[in-house]
Amino acid sequence: MAESALRDVPESKATAIKRVDLSLFAYPMVGVGPGGSDMPDAKGSRTRLAVRIETVDGAVGAYVGGQANSLAQAATCAKAIIGLDCFAREHAYEAIRRQLRKEDRMGAGVIDNALWDLAGQRTGASVSQLLGGARRTVKAYASTWFGGDGGGLATPEAFSDFAEECYELGYRAFKMHGWTDGGIQRDIDAVLGLGKRVGSRMALMHDSACSFKTFADALAVGRACDEAGFYWYEDPYSDGGLSAHAHRRLRELIKTPLLLGEHVRGLESMATLVLADGTDFVRADPDFDMGITGTMKIARFAEALGLDVELHAPGPAHRHCMAAIRNTNFYELSMVGPSRGNFNAPVYTCGYSDALDDVSPDGTFPVPEGPGLGVSYDWAAIDKMTTQKLTIQ
């Protein structure tokens, strides 16, 4: 059992955590080219983490998500929660935060999300109910793969064509990830083209994923977003969204609101960025920001300042959080393109889907309604794809 300053927390033997299983597994991706571009014939793979947390009396909570390089951190988190009461998520949050104080804490999210699923499984309530949520659906935006030569998003015009396709499916918001070669002209052309083609019908966003190398380039694309009437401008240049000063200056020179925070980890770092006037919209992610617990802390912080928080990426934990957050607007359905490349792990047995074509005609996705996260996993398939497995007990 790992040492922890929180071991004086009263524990119920039946509900104490006795075991955590971590599985690193890889699944094939078709239609995704180098650098995340939309390529019809390309083949590759993606790696995710699967987590199962079991209590003394046999109750189980589970989650699939996270990043491949987070396995070591997730194992550290698992050691920190062995013996704790499974409902003591705030205590677990504190124990994990200290254990990972020298790390980026990316391994914490999968553990916390599985604890929330476990709480729902034990009580018969969904995570959104436990959070006080009321939404049954979340309004989505289509978030593209990156532009790339020879693929389905090879030209500025291709982005407008794909936006039209997404509109016909039901989406009323669209985000482009442009080219990552450091150039800006194709991004500018795509931004202006989207504004002319669908700007009156769709909320539009641009995300360079920190590919622009200079402030001047970020400013030039930002001014194109102004001209096209974009909804937000995300992670413009290569600092990773960490420079509050530079982004405050950018905010002073363009009209389009900035969205930062995908690469800023956790409540305190995000609060520092926001209070330094570095962003307009606030980013959060249950996988990246210490789970559902950390995400809701960021959401409440943003709410206290009168700002909106936008969740990064799709997933069942993200939908449950959105159901309980007033100050949020869109569910990110990423990564998508004309080639229908499969970004998300094919591990559900309950019909859950984040596929582009499974959006409802009104542009929404449902919040799962069953206990916990409301999804069930194909553990036999996960086991077959597993490349590394750890058991902590």
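Can you pull out every residue in the range 305-328 that is out of contact with any Ser or Thr (no Cβ under 9 Å at 6 or more places or on another chain), assigned to a loop (DSSP other than H, G, I, E, B) and within 17 Å of residue 128 (Cβ to Cβ)? Quick ask: steps written out before the conclusion?
Initially, the range 305-328 is screened for residues out of contact with any Ser or Thr (no Cβ under 9 Å at 6 or more places or on another chain), giving 305-306, 315-316, 326-328.
This time we only want the ones that are assigned to a loop (DSSP other than H, G, I, E, B), so: 305-306, 315, 326-328.
Result: 315, 326, 327, 328.
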So how many residues does the range 34-68 have that are crowded, with 24+ Cβ neighbours inside 10 Å and farther than 27 Å from residue 119 by Cβ? 3
Only one of (1) in a loop (DSSP other than H, G, I, E, B); (2) under 12 Å from the mean Cα position of the chain (by Cα) is not met by residue 350, so which one is it? (2)
If you go through the range 191-211 one residue at a time, how many are more than 26 Å from the chain's Cα centre (by Cα) and either without any contact (Cβ under 8 Å) to a residue 24 or more places away in the chain or not in a helix (DSSP H, G or I) (or both)? 1
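When you scan the range 353-372, how many residues do you find that are of a type outside the set (Ser, Thr, Tyr), in contact with a strand residue (DSSP E or B) (Cβ under 9 Å, 6 or more places away or on another chain) and outside any loop (DSSP other than H, G, I, E, B)? Even if it seems obvious, please write down each step before you answer.
Kept after step one, since they are of a type outside the set (Ser, Thr, Tyr), are these residues of the range 353-372: 354-359, 361-363, 365-372.
Those left that are additionally in contact with a strand residue (DSSP E or B) (Cβ under 9 Å, 6 or more places away or on another chain): 354-356, 358-359, 362-363, 365-372.
Of the ones still in play, those that are also outside any loop (DSSP other than H, G, I, E, B) are 356, 358, 365-366, 372.
Result for the range 353-372: 5.
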Of (1) in contact (Cβ under 8 Å) with a residue 24 or more places away in the chain; (2) farther than 22 Å from residue 331 by Cβ, residue 154 satisfies all except one. Which? (1)
Checking residue 250 against (1) surrounded by 18 or more Cβ atoms within 10 Å (Cβ to Cβ); (2) at pLDDT 95 or above; (3) under 22 Å from residue 141 (Cβ atoms), which single condition isn't satisfied? (3)
Going by what's in this entry, would residue 179 be described as modelled with pLDDT of 95 or more, closer than 19 Å to residue 34 by Cβ and in contact with a Lys or Arg (Cβ under 9 Å, 6 or more places away or on another chain)? yes
Taking the condition more than 30 Å from residue 193 (Cα to Cα), without any contact (Cβ under 8 Å) to a residue 24 or more places away in the chain and either of a type outside the set (Ser, Thr, Tyr) or surrounded by fewer than 24 Cβ atoms within 10 Å (Cβ to Cβ) (or both), does residue 306 pass? yes
I need every pair where a residue in the range 225-242 that is more than 12 Å from residue 206 (Cβ to Cβ) has its Cβ under 9 Å from the Cβ of a residue that is assigned to a strand (DSSP E or B) and acidic (Asp, Glu), sequence separation at least 6 or different chains. 241/234
In the range 277-301, what residues are without any contact (Cβ under 8 Å) to a residue 60 or more places away in the chain, out of contact with any Ser or Thr (no Cβ under 9 Å at 6 or more places or on another chain) and open to solvent by less than 30 Å² (accessible area, probe 1.4 Å)? 279, 281, 282, 283, 295, 298
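If you take just the strands (runs of 3 or more DSSP E) that sit entirely in the range 13-122, which of them hold at least 3 residues that are among the small types (Gly, Ala, Ser), closer than 25 Å to residue 342 by Cα and out of contact with any Leu (no Cβ under 6 Å at 6 or more places or on another chain)? Working first, answer last.
On the way: elements: 17-32, 38-55, 60-65.
Passing ranges, in order: 17-32, 38-55.
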Looking at the range 101-118 only, could you name the residues that are surrounded by 21 or more Cβ atoms within 10 Å (Cβ to Cβ) and either more than 20 Å from the chain's Cα centre (by Cα) or charged (D, E, K, R) (or both)? 105, 112, 117, 118
Filter the range 380-393 down to the residues that are touching a Lys or Arg at 6+ places or on another chain (Cβ under 8 Å) and not in a loop (DSSP other than H, G, I, E, B), then identify the one that is most open to solvent (accessible area, probe 1.4 Å). 391
Might you check whether a residue that is under 23 Å from residue 111 (Cβ atoms), touching a residue at least 24 places away in the same chain (Cβ under 8 Å), over 18 Å from the mean Cα position of the chain (by Cα) and surrounded by 23 or more Cβ atoms within 10 Å (Cβ to Cβ) occurs anywhere in the range 337-346? no
Condition first: in contact with an Asp or Glu (Cβ under 7 Å, 6 or more places away or on another chain) and touching a residue at least 60 places away in the same chain (Cβ under 8 Å). Now tell me which residues in the range 347-388 satisfy that. 347, 372, 373
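The values are calculated or read from the model by the stated rules, or taken from the named source; none is laboratory data. Bear in mind that the values here come from a model prediction, so they are computed numbers and not experimental data. Every residue, glycine as well, gets a Cβ built from its backbone with ideal geometry; the counts of neighbours run over all protein chains shown. Surface areas here come from the heavy atoms of the whole protein model, side chains and all, with no ligands, DNA or RNA. Shrake-Rupley method; radii C 1.70, N 1.55, O 1.52, S 1.80 Å.
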